[in-house]
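Here the structure is laid out as C-alpha cells; the discussion comes afterwards.
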Amino acid sequence: MAFDNESLEEESFAELFAASEKQQEANRIVEGEIVEIQEDENKALVGVGDKLEGIISLDEIRDENGELKFDRGDKIKVMVTGYYNERPKISYKKVLEQEKTIEFIEQHKDDYENLVIEGVVTKKNRGGYVVEADAVSFFMPRSLAAFKDGDDVVGKKIKAQVIKLDPQEKSIVVSRRKLFNEERKKKKEIIDKLIGEDVVVDGIIKKITSYGMFVDVGGVDGLVHYNEISYKGPVNPAKLYNEGDSVTVKAIAYDKEKRHLSLSVKAVQPDPWAEVESELDEGDTITVTVSNIENYGAFVDLGNDIEGFLYISEITWDKNVKNPADYLEVGQEIDVEVIEINPDTHKLRVSLKRLLPKPFDEFVKRYAEGDVTTGVVTSLTDFGAFVRIDGVEGLLHNQDIAWEKGVKAKDILKSGDAVEVKIAKINEEDQKISLNRKTLLESPIEKFGATHKVNDIVKGKVRDIKDFGVFVSLEDGVDALIRDEDLSPLNKEELEVAQEIEAAIANIDTRRDRIRLSVKKLDYLKNQAMLDEINDTESHSLGDLIKDKISK
C-alpha cells in the first residue's frame, strides 16, 4: 500500500492534535463512576467518560481505619493526570490535595507574605522539591531550597516561607532561603537591641544541660552558663528550673563568628557582693545556714545568693576531724566568724571554731602541773604516744612510759587505750603539754630502797664501762653507778662486761632515781670490821686473833 506525502502530513497532524488534546485534558478534574473493585489486586476501575476507564489504587480511597470509602457504582471525583496506552491515569488523592490547595490560597491570598509553613519534603524533581504540610502541596524551587548538593532531603522536615500564591495554576511557591534570610535579619535586630541597648528581657527555657541552659529570647536562642545563674558560683540549673519556665535575663556578649549569644540571670540582680564589701569586715560574727557538706568542709548560705566556705580545719579545735558531717547538718543554723573577704574572687571564708572556747585555755583553767588524770591514747609514734585529755593532746614520751629500760609506748599501749598520767609540764607559750606515766608506778629504786640501806654490801655484774665510771646491774633490773674514784682498789682497765663486782651502797636517791656504789667504801668497811673484831676483848685475845689470822 502506497502513502503519499499529503496523507502522511494529515496523519502526523492528527496525532499531534490528539496529543495536544490529551495534554490539555491532563490535571483536569472529572466526575467518574466506580465500575469495578478488585481487592485482590488493590485497585478499582473508574469510568471517566467516552467509554474510558482509569485505574486507581484502593489505598487512595481508604479511611483512617483502612476501610473503603466508596463502593461499586459510587460517583467519585478524580484528576486525570495523563494517559498510558490510551488509558487515562487518574488520582483521587490529587483531587483532595488540589481542594486543600485552593482552600489554602483562598484563605491566605491577602496575608501570605510573612507566612511560614512546616512540612515534609515528599518529592524531588528537576525543578525543585514538593513539600507537604496539612495535606497541602507546596512547590520549592531548587534555587530557593538552600540545600547542599548531595543532601538526601526527601522525608526531611523543614520550615519555609510562602512567597507566591497562583490561583489560576492552583500552586503555592515557598522558599527556605528567604526564611533563613528573614530569620537572620530578625535575629540581628534582636541581638543588636539586646547588646546595644543593655536591656532586660523575659525568655523561655528551651533546653537544660549540665553546663547551663538555652533560653529563647524573641526567637533567638542564647546560653546562660551555669556561672551566670547565681552569685554563689556554678550551680546546676536543673535544680532551679524546668524546661518551659520563663526566666528574666540580660545579654552579656555575642560572638559574631560563632553566632553565639551569651545571657545572664545574675546580671539582672543587684550584686550582693557590693553589700558584703560595705557591710562586713573580717572578724565579724554572722549567722549562716549550712547549705552543702563536702569531705573538705562545708558551704554556708548568708542569704541573698552569697555563700561562704567553712574549711574542715575551721570547724572545731579537734585536730582529728574525719568528716564535717560528724559535726554539721545541712539546714543547720550556726554562728561563724568572718576570717577572709576577697572582693576580687568573690570568696568568703568563715570559722566556727574561733567562736568556741579554746580547749587549751579551758585545760589550763582546770589542770596544773603535778595533777594526775586519765586520758585516751590517740596516736603512737616512734618517740612516744599522744594522749587526749578534755580535747587537748599531751605527749607521753617513751622515757616517761615505764621504769624499764628500752620500753616504748607502742610496746605497751594502743590507740583508744585509757591511760592514767601525771601532768609533768604545761608550756602555755607553745601550748604544749608533757605527760608522765612512770612516776605513778612504783620505782625499782624505791622498791630496792625499801629493803636496802646505805653501807649494805651488794653484788652485781658490770653492764657498761664509761669514762666516768662503771654501771652495775643489781637485782630486779636496778642499775647502780660506781664512779672512778670509788673503784679502788679495783683496776678499771682490768674490768670486763658481765664481770661480778662486790661493793657497798654509798647513796640511794629515790627522788632522782639513782643508786651509787663504792668498792672503796666496801674495802674501808671490811677493814673497819676487822679492827672492831680485834678490839673486841671480851670474846677474843690479841694473841688468838693474830694466831687465827696467821693460820688462815
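The values are calculated or read from the model by the stated rules, or taken from the named source; none is laboratory data. Treat the numbers as computed from the prediction; the structure is a model and nothing was measured. Glycine also receives a Cβ, built like all others from the backbone with ideal geometry; neighbour counts cover every protein chain displayed.
Is it the case that some residue within the range 357-369 is exposed (fewer than 14 other Cβ atoms within 10 Å of the Cβ) and closer than 28 Å to D281 by Cα? Yes, the conditions are met somewhere in the range 357-369.
Residues considered: E404, E442. Of these, the only one that is within 30 Å of E493 (Cα to Cα) and either in contact with a Cys (Cβ under 7 Å, 6 or more places away or on another chain) or of a type in the set (D, E) (or both) is E404. Annotation: of all residues in the range 397-423 being assigned to a loop (DSSP other than H, G, I, E, B), in contact with a Lys or Arg (Cβ under 6 Å, 6 or more places away or on another chain) and not small (G, A, S), the one that is surrounded by the most Cβ atoms within 10 Å (Cβ to Cβ) is I401.
One residue alone among V121, V162, V199, V174 is modelled with pLDDT under 90, closer than 27 Å to D221 by Cα and of a type outside the set (D, E, K, R), and that residue is V199. Only one entry of K89, K43 meets the criterion of being surrounded by fewer than 18 Cβ atoms within 10 Å (Cβ to Cβ), closer than 23 Å to K170 by Cβ and more than 60 Å from the chain's Cα centre (by Cα), and that entry is K89. Restricting attention to the range 327-348, and to residues there that are more than 21 Å from the chain's Cα centre (by Cα) and in contact (Cβ under 8 Å) with a residue 60 or more places away in the chain, which single residue is farthest from P272 (Cα to Cα)? Result: I341. Among the conditions (1) surrounded by fewer than 17 Cβ atoms within 10 Å (Cβ to Cβ); (2) outside the structural domain of V288 (by TED's automatic domain parsing), T345 misses just one, which is (2). Residues in the range 249-269: is at least one farther than 30 Å from G203 by Cβ and free of Cβ contacts under 8 Å to residues at least 24 places away in the same chain? Within the range 249-269, none of the residues are farther than 30 Å from G203 by Cβ and free of Cβ contacts under 8 Å to residues at least 24 places away in the same chain. If you go through the range 241-261 and pick out every residue that is more than 28 Å from the chain's Cα centre (by Cα) and of a type in the set (F, W, Y), you end up with 1.
In the range 25-40 there is at least one residue that is farther than 21 Å from E97 by Cα and surrounded by 14 or more Cβ atoms within 10 Å (Cβ to Cβ). Take I465 and tell me if it is over 29 Å from L395 (Cβ atoms) and free of Cβ contacts under 8 Å to residues at least 40 places away in the same chain. Taking the combined requirement at face value, the residue satisfies it.
Do we have any residue at all in the range 221-229 that's closer than 30 Å to E337 by Cα and either out of contact with any Pro (no Cβ under 8 Å at 6 or more places or on another chain) or among the β-branched types (V, I, T) (or both)? Within the range 221-229 (the criterion being closer than 30 Å to E337 by Cα and either out of contact with any Pro (no Cβ under 8 Å at 6 or more places or on another chain) or among the β-branched types (V, I, T) (or both)), the answer is yes, since at least one residue qualifies.
Between A506, A498, A480, A529, the distinction of being of a type in the set (G, A, S), outside any strand (DSSP E or B) and within 30 Å of D400 (Cα to Cα) belongs to A498 only. Kindly evaluate G155 against the criterion of being assigned to a loop (DSSP other than H, G, I, E, B) and not polar (S, T, N, Q). It is true that G155 is assigned to a loop (DSSP other than H, G, I, E, B) and not polar (S, T, N, Q). Of the residues in the range 446-458, at least one is closer than 28 Å to H397 by Cα, in contact (Cβ under 8 Å) with a residue 24 or more places away in the chain, among the aromatic types (F, W, Y) and surrounded by 14 or more Cβ atoms within 10 Å (Cβ to Cβ). Of the residues making up the range 310-328, none is in a strand (DSSP E or B), of a type outside the set (D, E, K, R) and farther than 12 Å from K353 by Cα.
For the range 235-282, filtering for residues that are in a strand (DSSP E or B) and of a type in the set (A, V, I, L, M, F, W, C) leaves 7.
Residue count for the range 424-439 satisfying the condition of being more than 15 Å from N398 (Cα to Cα) and either not basic (K, R) or not in a strand (DSSP E or B) (or both): 6. Considering the range 424-442, the residues that are in contact (Cβ under 8 Å) with a residue 60 or more places away in the chain and surrounded by fewer than 16 Cβ atoms within 10 Å (Cβ to Cβ) include one that is nearest to S379 (Cα to Cα), namely Q431. All of V288, V276, V235 fail the test of being surrounded by 13 or more Cβ atoms within 10 Å (Cβ to Cβ), closer than 30 Å to E337 by Cβ and free of Cβ contacts under 8 Å to residues at least 12 places away in the same chain, apart from V235. Kindly indicate whether any position in the range 181-201 is at negative phi and assigned to a strand (DSSP E or B). Yes; the residues of the range 181-201 include at least one that is at negative phi and assigned to a strand (DSSP E or B).
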